[in-house]
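Take a look at the structure set out below.
What follows draws every value from the coordinates through simple rules; no lab data is involved. Computed from a predicted structure; not experimentally measured. Every residue, glycine as well, gets a Cβ built from its backbone with ideal geometry; the counts of neighbours run over all protein chains shown.
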Amino acid sequence: MATESDLSCNGLVRRFGRNAAVDHISLDVPAGTFFSILGPSGCGKTTLLRLLAGFDKPDEGDIHIRGQRMNDVPPNKRPVNMVFQHLALFPTMSVGDNIGYGLKRRKVPAPERRKRIAGVLEQVGLPGLEHRNPQELSGGQRQRVALARCLVLEPTLLLLDEPLGALDLKLREQMKIELKHLQKQFGTTFVYITHDQSEAMVMSDQVAVMKDGRFDQVAPPEELYREPATPFVAGFVGDNNRLLGQVVSVVDNLAEIKLDDGSLVRGRVASEGLKNGARAELYIRPESLVFTGDALTEGYSAMQANVRTTLFDGANSRVEADNGGQPVYARLPQDGSAPRLTTNSAIRLAWDPMLARVFEADNP
Amino acid sequence: MTSSAGRLSLWLLLTPFVLWIVLLVLVPHLQMLRVSFQVRESWDTIAWGVEQYQNFFTESYYWRTFVRTGVMSLFTTLLTLLVAFPIAWYIARMARGRAKGILFMACLIPFWASELVRTYGWMILLRESGLFSSWLQALGWADGPVEMLYNDVAVIIGLVYNGLLFMVVPLVTTLDGMDENLVEAGYDLGGGHGTVLREIIVPWAMPGIISGCIVVFMLTLGSYLTPVLMGGKDSAWFTEQIFTQFITRFNWEQGAALGVLLLVLSSVMVWLGLKLSGQSLRKVMG
């Protein structure tokens, strides 16, 4: 029931003029989970987060935190804290005062306050930095201070608004892992919004993919990756190849499709009511494509493609090929078993139909 | 060759500024300082001494006016800050696009007219036969004409009005640069309106507050027209004393001494203000 989850929302709507930035969103976040909302910029995820923090009010729907209705509770009275995109550390206060600000508002006596500030700084790995100014810290350190400032208040819910966006790549990778550890260590429920699918995948227990103010799919990262529910999720989460064609037959949840270049291939049906003759799009991940010669593994589908170029990126090296005018990416095997690929050489790419997902194409 | 040409053009660029500083600021002040220590013994002999400064301390009317001017200027500055802060907040944080520009202009437009015209504007409103008086009578709240001019309140109204723009501009500039998220974070972490204002907004705006206060305080302390016109003959503003010494009494030595004292007072107050608020002149003046 609603009382078991830290956060539950019901039919949330927020309109700006005629445009609904948040359009009937319902969600349920169990206590102690890392919940991410993933979507491209402009999908309404920041608006949703601001509704949860209380900076904005929903036009319809309810927000419950630990079973308590929050709609009319102002932000300073909600058991919710937020890590802002640009962190919003108070520049006129020291690190210690930044962290102590919330404790002071709760009338925690000074000796106790000092103890808790020191404690939380220890936990985020910045012991003894109380008297520094936020401006003197590095990006990663500031990040941790912003986290500590919220976590010291032991909120029911911690909201994070793409806080890693401003960091450089290396630090971002490191902070991703650290955030996940910190979340486990504190046991606080995190609601994290991001447009970076890798951040969402690595850290989260549950990911909601958001598009145009609605959730397309809410699932654990692996399910999102393997069983995307909509073409948008399939294309947005991870790399994917999109092949267009026409449905020839549907047998036992497997659809046979005639691709635009003429080859007959198969994939699992992902959208209901797929009819013969309908336009369809087949999604197959680069790592599911195998290079094959004339001998095709039993049951596999295959297509022809021409090599355009190879993209070397360590373990993530790929070949870019061309299938009937559409670009196709295939991962290069790491054991060196790939054939020598020269530009314009013809290759044959095959896949297990169970790994491909077929959706009905949007009507043009 | 190029370096000497560069140096020449630098000097040419600096010349107006240097002339201005030296001829209009430095020379008159040094001259005034010199005159203030001259004691006139007879019509053609002059000795050095501190008689004029002694006069200031022994003649209670001088130093009382001096203290009164200082205290009222401080009060005016504080009042200007209180009036200007909400205006600046609205212009910097709430108004968007065109409204922002229009509001800013609305603050600026009165300053296209001279101080004299602005002061007469207030006099038309406040005098015995003025607008406010006749409104009060029409509403039946007053039996006869009410004189609202020629008292300290009228002087302070006029001075606050004159200082407003110089407080609003630096405040808008600092508040404009504040990250909206800072205020939201202040609320998010449990602060109420008072706390957010006291702990986050005011500390952020401190450079603007101090620079606005310095400018308004100096303007008020050195203003002449407004206290004279709106305060009448009893307004007892220190600049009037200086004017009287120089022009009416033709006692340049005493006038110069009083002028030097006013300069010392304003410098000391600015220095104190900076010290107490922990700001430096460099930070405040950008």
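Restricting to region A:2-230, what percent of DSSP beta bridges are antiparallel, rounded to 5?
Around 55 percent of the beta bridges assigned by DSSP in region A:2-230 are antiparallel ones.
Would you order A:243, B:263 from fewest to most other beta-carbon atoms within 10 Å of each residue's own beta-carbon?
Result, fewest neighbours first: B:263, A:243.
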Taking placed amide H atoms and a strict 5 Å upper bound, the residues 5 or more places from residue A:7 or on another chain that come that close are A:29, A:66
Farthest positive-ward along the protein assembly as shown dipole, Cα basis, beta-carbon charges - from B:250, B:212, A:64
B:250
Restricting to aspartates and glutamates and to Cα separations under 16 Å from residue B:233, and discarding same-chain partners fewer than 8 apart, the set is B:147, B:152
Is there a quick way to get the dipole size of chain B? I mean about its Cα centre, with the Cβ of Lys and Arg at +1 and of Asp and Glu at -1; what is the value in debye to the nearest 20?
640
Within chain B, what's the longest stretch lacking GluC sites (Glu not before Pro) that sit in DSSP loops with no more than 15 other Cβ atoms inside 10 Å?
B:148-286
Sort out for me the Cα centre separation of region B:173-194 from region A:278-304, rounded to whole Å.
56
I want the local charge near residue A:325. Using Cβ-Cβ distances under 10 Å, sum +1 for each Lys or Arg and -1 for each Asp or Glu among the other residues.
-3
Given charges at beta-carbon only (K, R positive; D, E negative), |dipole| of region A:239-360 in Debye
140
Sequence-distant residues sharing a close amide H with residue A:310 (under 5 Å, placed H):
A:320
For the pair residue A:300 and residue A:171, the simple spin-label estimate (label points 7 Å beyond Cα toward Cβ) gives in nm 4.5
For chain B, what does the helix formula give at 222 nm: sum of -39500 (n - 2.57) over DSSP H segments with n ≥ 4, over the residue count, nearest 500 deg cm²/dmol?
-22000 deg cm²/dmol
Taking neighbour counts of Cβ atoms within 10 Å as a proxy for exposure, in what order, fewest first, do B:125, A:289 appear?
B:125, A:289
